[in-house]
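Visitor: Have a look at this one.
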Amino acid sequence: NSGVVALLRPLLLDVVPTVQQSAALALGRLADCNNDLAEAVVKGDIFPQLLCSLSEQNRFYKKAAAFVVRAVGKHSPQLAQAIVQCGALEMLVICLEDFDPGVKEAAAWALAYIARHNSELSQAVVDAGAVPLLVLCIQEPEIALKRIAASTLSDISKHSPELAQTVVDAGAIAHLAQMILNPDAKLKRQVLSALSQIAKHSVDLAEMVVEAEIFPVVLTCLKDSDEYVKKNGATLIREIAKHTPELSQLIVNAGGVAAVIDCIGSCRGTVRLPGIMTLGYVAAHSENLSMAVIVSKGVPVLCVCLMEEHEDHIKAAAAWALGQIGRHTPEHAHAIAVANVLPTLLDMYMDTGSSEDLQVKASILTKRALKSILQKCTHLPALESLLHDAPPNIMKYIVGQFSKVLPHDSKARRLFVTTGGLKKIQEIEAEPGSLLQEHINAINCCYPEEVVR
């Protein structure tokens, strides 16, 4: 408001280098604070001055200039686009080739803040020739430079398969894979994130990541003391598992399912989420893979997540994963039923709670999970526990299952009477001629008329 931006602008061309650096640093710190100040820096026509004859400047000025670009570019795609149009990318790429690692680091950081907004800006970073230089940066000895270069490659890769392919073509995967065992936790976080962003787009890209021999090495990350390393490691496994049965089988063969289950059991909250999703994706592919999750004791861990977690989206993910495990055959559904989780799923189904988007999504996933398990479930005690509370659409599934099982199982017929199941069936008001009424008639036909009365 006092016109400071306009006063700082000419100082960028001052004859004294330390004045130039201090002016750039001041502008960067102003722009860093909020969107309006960053806009003021762009509108103040700062960038032509800032980038003028940059290649001839010393390392301190280059770092300060890259800081200004980062501080402005982080706020919005519009501001990032404005500085790209001023020629900032060319300047940053020149800085990536600098001898000083601190200059490279500052440039990579600024590129990350531009690339992360959208695919157009990310493509502009690629077109400026940044990717091969970033791949060279991850091979430098300085740990801070490795971290930020890996993070920038992650930000470039995340938007589209084409951008991820550009990173792959520059030879990034092999170098990233070698750093999974690096003792620096912050570097491991970025490396795992970058590999996840590459693997998520397609089967081909996921296979390329796998071919870099990340298994079983990546499983050690699931035991890491750093929560983000755990989470990013599980995310990488999830992004590979989701594509094909073959990739999921590879994870199972490497001991990945057991490692993911241990990881879920050893943490809380959102760190669990990618592991929960991994189990769901693996189980969804085939009966055998689903059985591998059951045999590895995946069901009890997912039940614990349903009970312990408070956030809707985590509980919904656990419900979805259980649905994927239980939907294949009666044997699979039985594994869910004997864990006594159906009443919990029904409670979540019935929970009106808040009507926020998350709640809606959570309830939809829970409904789907419950239906997919009930379509195959023949475990009578678990089904009976739902009879007294289930809403009409779920009731249809439950009664349908009884109508399949009871005619062939005399012990089940006896139990069904003594536990009050048959009594409850008579209380259901079904429309004449409906499928539900047919199921009820089929059940009643299993008993003498006086017992039904």
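The values are calculated or read from the model by the stated rules, or taken from the named source; none is laboratory data. Since the structure is predicted, the reported quantities are computational estimates derived from the model, not experimental observations. Cβ atoms come from the backbone with ideal geometry, glycine included; neighbour counts cover every protein chain shown. Calculation scope for accessible area: heavy atoms of the full protein, side chains included, ligands and nucleic acids excluded. Shrake-Rupley method; radii C 1.70, N 1.55, O 1.52, S 1.80 Å.
Visitor: Within segment 110-134, take every residue that is more than 17 Å from S193 (Cα to Cα) and among the β-branched types (V, I, T) and give me the one that is most open to solvent (accessible area, probe 1.4 Å).
Guide: The residue in question is V126.
Visitor: Shifting gears a bit: What's the number of the condition M277 fails, among (1) in contact with a Ser or Thr (Cβ under 9 Å, 6 or more places away or on another chain); (2) assigned by the TED database to the domain that holds V301; (3) surrounded by fewer than 22 Cβ atoms within 10 Å (Cβ to Cβ)?
Guide: Of (1) in contact with a Ser or Thr (Cβ under 9 Å, 6 or more places away or on another chain); (2) assigned by the TED database to the domain that holds V301; (3) surrounded by fewer than 22 Cβ atoms within 10 Å (Cβ to Cβ), only one is false for M277: (3).
Visitor: I'd like to verify a number: residues in segment 149-169 that are over 20 Å from the mean Cα position of the chain (by Cα) and either among the β-branched types (V, I, T) or at pLDDT below 95 (or both), how many?
Guide: Counting residues in segment 149-169 that are over 20 Å from the mean Cα position of the chain (by Cα) and either among the β-branched types (V, I, T) or at pLDDT below 95 (or both) gives 3.
Visitor: Oh, and also: For segment 344-365, enumerate the residues that are of a type in the set (D, E) and either modelled with pLDDT of 75 or more or under 15 Å from M307 (Cβ atoms) (or both).
Guide: D347, D351
Visitor: Now for a different question. For V218, indicate whether it is under 17 Å from the mean Cα position of the chain (by Cα), buried (at least 24 other Cβ atoms within 10 Å of the Cβ) and free of Cβ contacts under 8 Å to residues at least 40 places away in the same chain.
Guide: On the way: under 17 Å from the mean Cα position of the chain (by Cα): yes; buried (at least 24 other Cβ atoms within 10 Å of the Cβ): yes; free of Cβ contacts under 8 Å to residues at least 40 places away in the same chain: yes.
Yes; evaluated as a whole, the condition is true for this residue.
Visitor: Out of all the residues in segment 413-429, which are small (G, A, S) and surrounded by fewer than 19 Cβ atoms within 10 Å (Cβ to Cβ)? Quick ask: steps written out before the conclusion?
Guide: Filtering segment 413-429 for residues small (G, A, S) gives 420-421.
If the condition is that a residue be small (G, A, S) and surrounded by fewer than 19 Cβ atoms within 10 Å (Cβ to Cβ), then G420 is the only one that fits.
Visitor: Considering only segment 183-207, state which residues are open to solvent by less than 30 Å² (accessible area, probe 1.4 Å), more than 16 Å from L219 (Cα to Cα) and among the β-branched types (V, I, T).
Guide: Hit for segment 183-207 is I198, nothing else.
Visitor: Looking only at segment 17-47, how many residues end up being under 15 Å from A82 (Cα atoms), assigned to a helix (DSSP H, G or I) and either open to solvent by 70 Å² or more (accessible area, probe 1.4 Å) or in contact with a strand residue (DSSP E or B) (Cβ under 8 Å, 6 or more places away or on another chain) (or both)?
Guide: Of the residues in segment 17-47, the ones under 15 Å from A82 (Cα atoms) are 31, 35-47.
Checking the rest, the ones that are also assigned to a helix (DSSP H, G or I) come to 31, 35-43, 46-47.
Now restrict to residues that are either open to solvent by 70 Å² or more (accessible area, probe 1.4 Å) or in contact with a strand residue (DSSP E or B) (Cβ under 8 Å, 6 or more places away or on another chain) (or both): 36, 43.
Within segment 17-47, residues that are under 15 Å from A82 (Cα atoms), assigned to a helix (DSSP H, G or I) and either open to solvent by 70 Å² or more (accessible area, probe 1.4 Å) or in contact with a strand residue (DSSP E or B) (Cβ under 8 Å, 6 or more places away or on another chain) (or both) number 2.
Visitor: Which of the numbered conditions does A71 fail, given that it passes all the others? Conditions: (1) surrounded by fewer than 22 Cβ atoms within 10 Å (Cβ to Cβ); (2) within 21 Å of R59 (Cβ to Cβ); (3) within 29 Å of the chain's Cα centre (by Cα).
Guide: (1)
Visitor: Failed condition for N441, given (1) outside the structural domain of A284 (by the TED database); (2) polar (S, T, N, Q); (3) surrounded by 15 or more Cβ atoms within 10 Å (Cβ to Cβ), with all others met?
Guide: (3)
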